[in-house]
Amino acid sequence: MHCLGNDFVIIDGREGTPISIKKIANKIADRRFGIGCDQVVEILTSDQAYAKLNFYNSDGTPSATCGNATRCVARYFMDILSQSSLILETGAGLLACEKVGDLTRVNMGHPITKWDEIPLSEDLDILNLPIEGNPSAIGFGNPHCVFLVDDIGSVDLEIIGPKIENSHYFPQRTNVEFVEVLAPNKIAMIIWERGVGRTQASGSGASAAAAVTILKDCVDKKITICLEGGELGAEWTKDGIWMTGKTSHVFDGVLTGMFGELIDDQ
């Protein structure tokens, strides 16, 4: 499945799988030797929600949450169940998901603003980090570093992205977003995802960009976010930031020969 080109391999492990997905996520995600995706998502049973989701970046590292993948899985289940809402469990907590016509929205919750919970390596002003460009740090179950710039087209993301991702200020590395304010109700952004690289879209990244621009009084509390893969809507309400957008189910498949090879490689 994908959301605006941010793509996922989703594996239903509720009845068990013959191998640890965590151990082979990077091989599944490889676009030349595997299936190819930004993140691998594992569905497990949950005592608190309809299902539990584990997320793995394309390099195999785990992530507590992924807003776009959560919306994709939620839409898949809501269509099967003929329901308009459900709750999914993630490493960032329980996320409420709803159908809105052809769109799907997820409540990403309120942003994490305590330096040691984002986390940062030291107590800093999260809205003015001592990094060139004065970016902001914020968390949504995973860390984000958000830059406000005059023109995202002038940013060399492939050079700057990995440098910021591995900055010593972020002990768990970080996602990196560059944001251009277009209007009081619209922003544009590009994204360098931790453990993935450049992606067409990101739910948690879009949420982080919305939170920072709202906290800095740059935009309204309900905005449109223009990403390389398309548009997402974000609204900060009393119960958190709701992220709304399209989801796409591309294909179903079965891992057979490749799966056996991956087992042998362990």
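The values are calculated or read from the model by the stated rules, or taken from the named source; none is laboratory data. A quick note: this is a predicted structure, and the numbers were derived from the prediction, not measured. Don't worry about glycine lacking a Cβ; one is built from the backbone with ideal geometry, like all the others, and counts go over all protein chains shown. Ligands, DNA and RNA are stripped out before the accessible areas are found, and what is left, the full protein with its side chains, is counted by its heavy atoms. Shrake-Rupley method; radii C 1.70, N 1.55, O 1.52, S 1.80 Å.
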message: So Gly133 passes all but one of these: (1) surrounded by fewer than 15 Cβ atoms within 10 Å (Cβ to Cβ); (2) in contact with a strand residue (DSSP E or B) (Cβ under 6 Å, 6 or more places away or on another chain); (3) closer than 25 Å to Phe8 by Cβ. Which condition number does it fail?
response: (3)
query: Could you list, in sequence order, the residues of segment 129-163 that are part of a loop (DSSP other than H, G, I, E, B), of a type in the set (Val, Ile, Thr) and in contact with a helix residue (DSSP H, G or I) (Cβ under 8 Å, 6 or more places away or on another chain)?
result: Ile131
message: For the condition in a strand (DSSP E or B), out of contact with any Ser or Thr (no Cβ under 7 Å at 6 or more places or on another chain) and closer than 25 Å to Leu232 by Cβ, what is the one hit in Ile35, Ile10?
response: Ile10
task: Being among the polar types (S, T, N, Q) and modelled with pLDDT of 95 or more narrows it down to one of Thr224, Thr256, so name that one.
output: Thr224
field: Single unsatisfied condition, Thr65 versus (1) in contact with a Ser or Thr (Cβ under 6 Å, 6 or more places away or on another chain); (2) closer than 16 Å to Gly197 by Cα
entry: (2)
statement: Expected single match for surrounded by 23 or more Cβ atoms within 10 Å (Cβ to Cβ), in contact with a helix residue (DSSP H, G or I) (Cβ under 6 Å, 6 or more places away or on another chain) and either closer than 21 Å to Ile190 by Cα or at pLDDT below 95 (or both) among Cys66, Cys37, Cys97 is Cys37
message: For segment 79-93, check the following and say yes or no: at least one residue is touching a residue at least 60 places away in the same chain (Cβ under 8 Å), of a type in the set (A, V, I, L, M, F, W, C) and either at negative phi or open to solvent by 30 Å² or more (accessible area, probe 1.4 Å) (or both).
response: no
- prompt: What tally of residues in segment 179-217 results from selecting those that are farther than 21 Å from Thr237 by Cβ, crowded, with 19+ Cβ neighbours inside 10 Å and either among the hydroxyl-bearing types (Ser, Thr, Tyr) or under 12 Å from the mean Cα position of the chain (by Cα) (or both)?
  reply: 8
- request: Could you check, for segment 19-28, whether at least one of its residues is open to solvent by 20 Å² or more (accessible area, probe 1.4 Å), part of a helix (DSSP H, G or I), touching a residue at least 40 places away in the same chain (Cβ under 8 Å) and in contact with a helix residue (DSSP H, G or I) (Cβ under 7 Å, 6 or more places away or on another chain)?
  value: yes
Any chance His2 is open to solvent by 10 Å² or more (accessible area, probe 1.4 Å) and touching a Gly at 6+ places or on another chain (Cβ under 6 Å): no
query: Is it the case that some residue within segment 51-63 is open to solvent by 10 Å² or more (accessible area, probe 1.4 Å), part of a loop (DSSP other than H, G, I, E, B) and out of contact with any helix residue (DSSP H, G or I) (no Cβ under 9 Å at 6 or more places or on another chain)?
result: no
task: Sort through Ala206, Ala188 and tell me the only one that's modelled with pLDDT of 95 or more and over 19 Å from Gly133 (Cβ atoms).
output: Ala206
query: When you look at Gly153, is it open to solvent by 10 Å² or more (accessible area, probe 1.4 Å), modelled with pLDDT of 95 or more and within 21 Å of His2 (Cβ to Cβ), yes or no?
result: no
query: Residues Val106, Val181, Val196, Val146: which one is under 25 Å from Val40 (Cα atoms) and in contact with a Leu (Cβ under 8 Å, 6 or more places away or on another chain)?
result: Val106
Condition check for Pro111: farther than 29 Å from Lys23 by Cβ and either more than 16 Å from the chain's Cα centre (by Cα) or of a type in the set (Ser, Thr, Tyr) (or both): no
Residue count for segment 120-129, restricted to those that are open to solvent by 20 Å² or more (accessible area, probe 1.4 Å) and touching a residue at least 12 places away in the same chain (Cβ under 8 Å): 5
